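Student: Could you have a look at this structure, given as structure tokens, before my questions?
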Amino acid sequence: MEPVVHLRGAVCLLGRFPALAGVSLDVGRGEVVLLQGPNGAGKTTVLRACAGLVPVVDGEATVLGVDLRTDAKAVRHRVGLLGHASGLYDDLTVADNVRFWAQAGRARPEDARAAMARLGLDGRLADVPVARLSAGQRRRTSLAVMVARRPELWLLDEPHAALDQAGRDLVDGLMADAVAAGATVVFASHELDRARTVAHRTITIAGGTAGEPTGVAAATPAEESPGPPAGAETESEPIASPDRSEAKLIRSDGVA
């Protein structure tokens, strides 16, 4: 069976810097795979490359059967990316954001309503502008967009960040539900104790590469980083967001 994610010697440049210097890994359908490694190792770049947002300039790279080197845009409506930033429009309400991005991802209105209910956003918060939300509420709103769109591949960068205990438990449940529905999940996390209970296997990213050609690499204490404390918000490098008229395109770093 063809893997959902296939990278072999994949190279990605950020300017002239090789953010990925020959990553090789395979992810099968229905897997939950944890990417671990120190800050700056390339975990976020792997996720964004798989979403078609960072060009792969050398090596092999296919996602859901799409060659990322020749047609990266073709995969965008089939994947969902949750980054460090919320990726939401501050001037729109929670409900408007979820409906807008759900429609952009070809989801049905009833899917947006169900997702908001699942994330606890169907009450008074639905009509609150995103600019007035807490970090945790923004995270829940971004997750609601992901749930509504039902992507075939979930790409999550520190999905537990900014959430309380109940929210982190909910994220774990969402990943399990996604896999049960036929999706595949690849996520990066510094909360290794929690993440390893969710993941089927772990891949270590270090220095822009990933261990064995099969993509399986054992963690070593020197490669682990304590990362940010639970609930802390982190920053990510900004990339240009699409105009609202470009609803067919993937949202930037925060919401796919």
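Just so you know, all these numbers are worked out from the coordinates, no wet-lab data involved. None of these values were measured; they are calculated from a predicted model. Every residue, glycine as well, gets a Cβ built from its backbone with ideal geometry; the counts of neighbours run over all protein chains shown.
Student: With +1 on each Lys and Arg Cβ and -1 on each Asp and Glu Cβ, and nothing else charged, work out how big the dipole of the range 1-102 is about its Cα centre, in Debye to the nearest 20. Can you show the working numbers first?
Tutor: Working: 10 positive and 10 negative charges, 20 e Å.
Charge dipole, the range 1-102, about its Cα centre: 100 debye, nearest 20.
Student: Need one number: convex hull volume per residue for the range 67-212, Cα atoms only, in Å³. Working shown, then result.
Tutor: Values: hull volume 19.1 nm³, N = 146.
In the range 67-212, the Cα convex hull volume per residue is 131 Å³.
Student: Another question about this same structure. For the range 66-110, what class follows from the C-alpha gyration tensor (a ≥ b ≥ c being the square roots of its eigenvalues): rounded when a/c is under 1.5, otherwise prolate if a/b is larger than b/c, else oblate? Before the final figure, lay out each step's value.
Tutor: Details: a/c = 3.28, a/b = 1.74, b/c = 1.89.
Oblate shape, in that a/c is at least 1.5 and b/c is the bigger or equal ratio.
Student: If you don't mind, another one. Could you order peptides 141-154, 111-124 by the average number of other Cβ atoms within 10 Å of their residues, highest first? Present the calculation step by step, with values, prior to reporting the outcome.
Tutor: Numbers: 141-154: 25.4, 111-124: 18.2.
Peptide ranking by packing, descending: 141-154, 111-124.
Student: Which order, highest average first, do 193-203, 48-58 follow once you tally other Cβ atoms within 10 Å for each residue and take the mean per peptide?
Tutor: Values: 193-203: 16.3, 48-58: 21.2.
Top of the packing list down: 48-58, 193-203.
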